[in-house]
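Engineer: Mind looking over this structure? Questions follow.
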Amino acid sequence: MIFAIRGVIVSLALFALLYGFLSVVLVLAWRCFGFSKLRKYFTADALFTLRVIPFVVSAAVSLFLTLPSFLLFEAHSMDEDLGTFVLGACALLFFGAGIYQVSATEVRTRRVVSACLGEGRPLESTAGTITLVSPQTVAPLMLVGLRAPRILISESARQLLSQTELEAAVRHETQHVRSHDNLRKAILSCLPFPGMASLERAWQEAGEAAADDGAVSSRNEALDLAAALIKLTRHFPRHATPAFATGLVSVAGSVTTRVERLLAWRESGETRADRRRPYAAFVAVAALLGLVAKLGPALMLIHFLTERLVP
């Protein structure tokens with residue numbers, strides 16, 4: 001039992017080292033090496049993947065390589081020093097901070113949303129998503145909820161927008177449902193690290209652009225969505241959308257840029273990201289199969305590196 005606990009502590013220590021190193025590399029690459037200047041070439045999915053890569057890689061190496069290699073090759077005599085336990089404690093603090101941040105943010109978001117849902121009434125034509133019109137909301141139109149997302153529309157926004165404009169706005173929020181953007185916000189909230197705010201903001205902006213693109217399939221629909229953005233921006237003051245909610249007119253992007261993109265809309269087929277997705281999945285599966293085929297040598301290598309990196 002104690003031997004297994006030692007393995008967990010060593011795995012947590014390596015996680016702390018690897019996650020910290022990869023996150024620092026990502027922050028420096030984003031800020032200093034021009035990644036932030038190239039953000040317009042990144043899709044929302046690519047930016048989200050870039051943001052979670054340090055955690056995914058660190059967790060996978062720690063859970064599937066470091067822990068098994070420790071159990072297989074480590075001696076049963078205690079040889080870890082204080083630094084290993086400190087690093088393990090840092091990893092536990094990281095997980096605890098993430099869980100606390102998500103829980104506290106979810107409570108605050110739910111409190112705001114509950115006040116808006118009190119007198120909400122269903123709206124016809126919901127495109128598969130529950131859509132409610134509420135006499136009062138903190139935003140004229142927003143998507144709320146993680147497990148069962150709902151679209152909330154203020155009564156004043158309902159009266160301001162024409163039927164086609166409202167339908168375009170609802171389609172925009174439906175795209176956020178399909179992309180699980182509120183859930184992705186919660187995931188990012190679980191992974192705190194200094195200096196990531198710019199990358200996360202770029203992801204939100206790209207997500208709004210992707211939802212705009214997915215919501216329109218014709219020139220008229222693009223004009224309707226642009227008109228909805230202009231009307232809501234002019235008639236409603238700038239508002240702070242709850243953390244785990246997505247507003248049509250959000251602080252996470254330039255409405256002017258979005259309107260210009262919609263006004264310049266032209267019909268296109270499958271996006272480059274859609275075409276690349278099967279190839280990316282193929283590469284990931286091939287890499288996994290290659291790792292499994294060489295699992296023994298890989299475990300020995302990871303154990304050797306752990307012995308050198310973790311005190």
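Engineer: Looking only at residues in segment 195-211 that are crowded, with 18+ Cβ neighbours inside 10 Å and out of contact with any helix residue (DSSP H, G or I) (no Cβ under 7 Å at 6 or more places or on another chain), which one is farthest from Leu183 (Cα to Cα)?
Structural biologist: In this case the residue turns out to be Glu205.
Engineer: Could I ask something else about it? Please note which strands (runs of 3 or more DSSP E) are completely contained in segment 89-161 and include at least 3 residues that are modelled with pLDDT of 75 or more and buried (at least 19 other Cβ atoms within 10 Å of the Cβ).
Structural biologist: 141-144, 150-154
Engineer: Under 6 Å between Cβ atoms, at least 6 apart or on separate chains: pull out the pairs that start in segment 85-108 with a residue that is more than 13 Å from Tyr19 (Cβ to Cβ) and end on any residue that is polar (S, T, N, Q) and part of a helix (DSSP H, G or I).
Structural biologist: Pairs that qualify, where the first residue is more than 13 Å from Tyr19 (Cβ to Cβ) and the partner is polar (S, T, N, Q) and part of a helix (DSSP H, G or I), are Gln101/Ser189; Val102/Ser189; Thr105/Ser189.
Engineer: Anything in segment 1-44 that is of a type in the set (Gly, Ala, Ser) and closer than 30 Å to Ala210 by Cα? List them, or say none.
Structural biologist: Ser23, Ala29, Gly34, Ser36, Ala44
Engineer: With respect to Phe21, is the statement that it is among the hydrophobic types (A, V, I, L, M, F, W, C), surrounded by fewer than 21 Cβ atoms within 10 Å (Cβ to Cβ) and in contact (Cβ under 8 Å) with a residue 60 or more places away in the chain true?
Structural biologist: No.
Engineer: Kindly list the number of the only condition in (1) in contact (Cβ under 8 Å) with a residue 24 or more places away in the chain; (2) surrounded by fewer than 21 Cβ atoms within 10 Å (Cβ to Cβ) that fails for Phe33.
Structural biologist: Exception for Phe33: condition (1).
Engineer: Any residue in segment 1-16 that's more than 10 Å from Leu63 (Cβ to Cβ) and buried (at least 22 other Cβ atoms within 10 Å of the Cβ): show its pairings with residues that are of a type in the set (S, T, N, Q) and at pLDDT 80 or above at Cβ separation under 6 Å, as long as the two are six or more apart or on different chains.
Structural biologist: Final answer for the pair search is Ala13/Thr84; Leu14/Ser62; Leu14/Thr66.
The values are calculated or read from the model by the stated rules, or taken from the named source; none is laboratory data. Quick caveat, the model's predicted, so the values are computed rather than measured. We place every Cβ from the backbone using ideal geometry, glycine too, and count neighbours over all the protein chains shown.
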